[in-house]
């Protein structure tokens, strides 16, 4: 299948030393970028007049644990970019493989990717959410701390190995009935 997204040739010519992988699913193009080059690629996509991706609409992550088809790594960070002036959308994805199985309680030195908050300031809270829910840290982030869970929450609830009933969170709260409320 030939991909015809107008950004792909621009990326290919701007980064001849990088082997990009690209895929299209339901009309949406995703480019897989090595984690070491993500900030450089993002900055180019924003600054190049042929691309002009001036808006980072979303930053999220995917946990591929027990995924039916093989994946290059367990985690992926995904950036959804929009160019209003060119009427284009593009997703960037980079894969991260954890080095140890800490069940998300201890920080993993391999689950780190560069922040893009200096490219798109709107990514600040989105990266904090990915950190909070998946435990993926963003190097250079100006304020990387939990945003949805409390500071001492044990783990990262959107990881697929996180227990469905939690790790005691439900048992720590007092049950409130209609009569006692």
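Modelled with pLDDT of 95 or more, out of contact with any strand residue (DSSP E or B) (no Cβ under 9 Å at 6 or more places or on another chain) and part of a loop (DSSP other than H, G, I, E, B): does that describe residue 85? For residue 85, the condition - modelled with pLDDT of 95 or more, out of contact with any strand residue (DSSP E or B) (no Cβ under 9 Å at 6 or more places or on another chain) and part of a loop (DSSP other than H, G, I, E, B) - is met. Scanning the range 89-101 turns up no residue that is surrounded by fewer than 17 Cβ atoms within 10 Å (Cβ to Cβ), in a helix (DSSP H, G or I), modelled with pLDDT of 90 or more and out of contact with any helix residue (DSSP H, G or I) (no Cβ under 6 Å at 6 or more places or on another chain). Residue under question is residue 88, and the condition is that it be within 16 Å of the chain's Cα centre (by Cα), farther than 21 Å from residue 144 by Cβ and touching a residue at least 40 places away in the same chain (Cβ under 8 Å); does it hold? No; evaluated as a whole, the condition is false for this residue.
Conditions (1) under 17 Å from the mean Cα position of the chain (by Cα); (2) part of a helix (DSSP H, G or I); (3) at pLDDT below 95, marked per residue:
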residue	(1), (2), (3)
10	no, yes, no
13	no, yes, no
31	yes, no, no
38	yes, yes, no
46	no, yes, no
51	no, no, no
56	yes, no, no
59	yes, no, no
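Answer with yes or no whether residue 43 is surrounded by 14 or more Cβ atoms within 10 Å (Cβ to Cβ) and either under 22 Å from residue 123 (Cβ atoms) or free of Cβ contacts under 8 Å to residues at least 24 places away in the same chain (or both). Criteria met by residue 43.
Quickly run through the range 65-82 and pick out the residues that are outside any strand (DSSP E or B) and buried (at least 17 other Cβ atoms within 10 Å of the Cβ). 74, the sole residue that qualifies.
The values are calculated or read from the model by the stated rules, or taken from the named source; none is laboratory data. Computed from a prediction, not measured in an experiment: that's the story for all the values here. As a convention, Cβ positions derive from the backbone with ideal geometry for all residues, glycine included, and neighbour counts pool all protein chains shown.
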